[in-house]
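Enquirer: Starting off with a structure, shown below.
The values are calculated or read from the model by the stated rules, or taken from the named source; none is laboratory data. This one's a predicted model, so the numbers in the text were calculated from it and none came from an experiment. Because the Cβ atoms are built from the backbone with ideal geometry, glycine has one as well, and the counts that use them run over all protein chains shown. Just so you know, the surface numbers come from the protein's heavy atoms only, side chains and all, with ligands and any DNA or RNA stripped out. Shrake-Rupley method; radii C 1.70, N 1.55, O 1.52, S 1.80 Å.
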Amino acid sequence: MSDARIADMISKIAHELRSPLTSVKGFSSMLLTRWDRFTDEQRFQFIETIHADAERMGRIVSEVLDLARMEADRLELHHARAEVDDVAHKAATRLGELPGAERIEYAISSGLTVWADAERLEAVLGQLLENAAKYSDEGAIVVAAEPAEGGVQIRVEDKGVGIEPDVLPHVFSGPAPRGAGYKTPSGAGLGLYLSRGLVEAHGGRISVESAPGQGSVFTVWLPEGP
């Protein structure tokens, strides 16, 4: 990875951290200096927001550490048999109050399991779900999974803005604009790059089918394992 690209990634990561940090500082400052002016319900809402943003920063730091380990070829996975439905639901909770989270639907084969590092798989699905929520204003966001090709295939589908043809070949290659003219991603632009690395570290593969105005389908395939 070139020095220029590393510098760009660092800049984007710093930008991603700035938003939740500003929120934490703002709400905690109000509680410290104007505690008596707020009701118990308002205080609780402020504390909930602080907690959610602190968790968000923690996830960003974890992802950056995984990215560094991946680039240094030092990423270690902790495989175990995991319930796909359970991992998918935990991934959805990462969206918190993000608009669109309420539109998530599940179509996962009953009792389906996968041999994987559940925490890393949760991070991958969380990234795909977050993207789907950000880039679609309506329509269901579907998480589907079934046995396929001697392994497990998981899909995340949305009915959103889709991806421009010139961007599509590069979505897993690092920072890249998606849906030009529609929205500006709040993320660092590294989520799909990291997701590809995590999936490939499992011996799997990740792909996307998309067209402008027709939504996107991200597909993750993982080998069956022992």
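The rows are residues; the columns are (1) at pLDDT 95 or above; (2) open to solvent by less than 50 Å² (accessible area, probe 1.4 Å); (3) not acidic (D, E).
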position: E130; (1), (2), (3): no, no, no
position: S136; (1), (2), (3): no, yes, yes
position: V152; (1), (2), (3): yes, yes, yes
position: V171; (1), (2), (3): no, yes, yes
position: Y182; (1), (2), (3): no, no, yes
position: G189; (1), (2), (3): no, yes, yes
position: Y193; (1), (2), (3): no, yes, yes
position: S210; (1), (2), (3): no, yes, yes
position: G215; (1), (2), (3): no, yes, yes
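Enquirer: For residues in region 104-144 being assigned to a helix (DSSP H, G or I) and of a type in the set (D, E, K, R), which is nearest to S195 (Cα to Cα)?
Expert: Residues of region 104-144 that are assigned to a helix (DSSP H, G or I), as a first pass: 118-134.
Narrowing the set further to residues that are of a type in the set (D, E, K, R) leaves 119-120, 122, 130, 134.
Values: E119: 12, R120: 9, E122: 10, E130: 12, K134: 17 Å.
Only one residue fits best here, namely R120.
Enquirer: Hey, another quick one. State which residue is surrounded by the most Cβ atoms within 10 Å (Cβ to Cβ) when the search covers only region 104-115 and only residues that are more than 17 Å from the chain's Cα centre (by Cα) and hydrophobic (A, V, I, L, M, F, W, C).
Expert: So, considering only residues that are more than 17 Å from the chain's Cα centre (by Cα) and hydrophobic (A, V, I, L, M, F, W, C), the one surrounded by the most Cβ atoms within 10 Å (Cβ to Cβ) is V114.
Enquirer: Can you work out which of the residues in region 154-169 that are assigned to a loop (DSSP other than H, G, I, E, B) and open to solvent by 50 Å² or more (accessible area, probe 1.4 Å) is farthest from D86 (Cα to Cα)? Please lay out each step first, then the result.
Expert: Taking region 154-169 and keeping what is assigned to a loop (DSSP other than H, G, I, E, B), we get 159-167.
Filter once more, keeping what is open to solvent by 50 Å² or more (accessible area, probe 1.4 Å): 159, 164-166.
Values: K159: 24, E164: 33, P165: 34, D166: 35 Å.
Going through the qualifying residues, I end up with D166.
Enquirer: For region 67-84, name all the residues that are free of Cβ contacts under 8 Å to residues at least 40 places away in the same chain and under 26 Å from D53 (Cα atoms).
Expert: Within region 67-84, A68, R69 qualify.
Enquirer: Related question: Pairs, please: C-beta under 9 Å, at least 6 apart or cross-chain, first residue part of a helix (DSSP H, G or I) and in region 20-39, second surrounded by fewer than 11 Cβ atoms within 10 Å (Cβ to Cβ)?
Expert: The qualifying pairs are M30/R37.
Enquirer: While we're looking at this one, here's another question. When only residues in region 11-48 that are modelled with pLDDT of 90 or more and β-branched (V, I, T) count, which is farthest from S62 (Cα to Cα)?
Expert: T39
Enquirer: Among residues belonging to region 116-128 that are at pLDDT below 95 and among the small types (G, A, S), point out the one that is most open to solvent (accessible area, probe 1.4 Å).
Expert: A123
Enquirer: List the residue pairs whose Cβ atoms are under 9 Å apart, where the first residue sits in region 118-139 and is hydroxyl-bearing (S, T, Y), the second is assigned to a helix (DSSP H, G or I), and the two are 6 or more positions apart or on different chains.
Expert: Qualifying pairs under 9 Å: S136/R103.
Enquirer: Right, another one. What tally of residues in region 61-103 results from selecting those that are assigned to a helix (DSSP H, G or I), of a type outside the set (A, V, I, L, M) and either open to solvent by 80 Å² or more (accessible area, probe 1.4 Å) or under 20 Å from S19 (Cα atoms) (or both)?
Expert: Taking region 61-103 and keeping what is assigned to a helix (DSSP H, G or I), we get 61-71, 84-93, 101-103.
Next cut, of a type outside the set (A, V, I, L, M) only: 62-63, 66, 69, 71, 85-86, 89-90, 93, 102-103.
Checking which are either open to solvent by 80 Å² or more (accessible area, probe 1.4 Å) or under 20 Å from S19 (Cα atoms) (or both) leaves us with 62-63, 69, 71, 90, 93, 102.
Looking only at that region, the number is 7.
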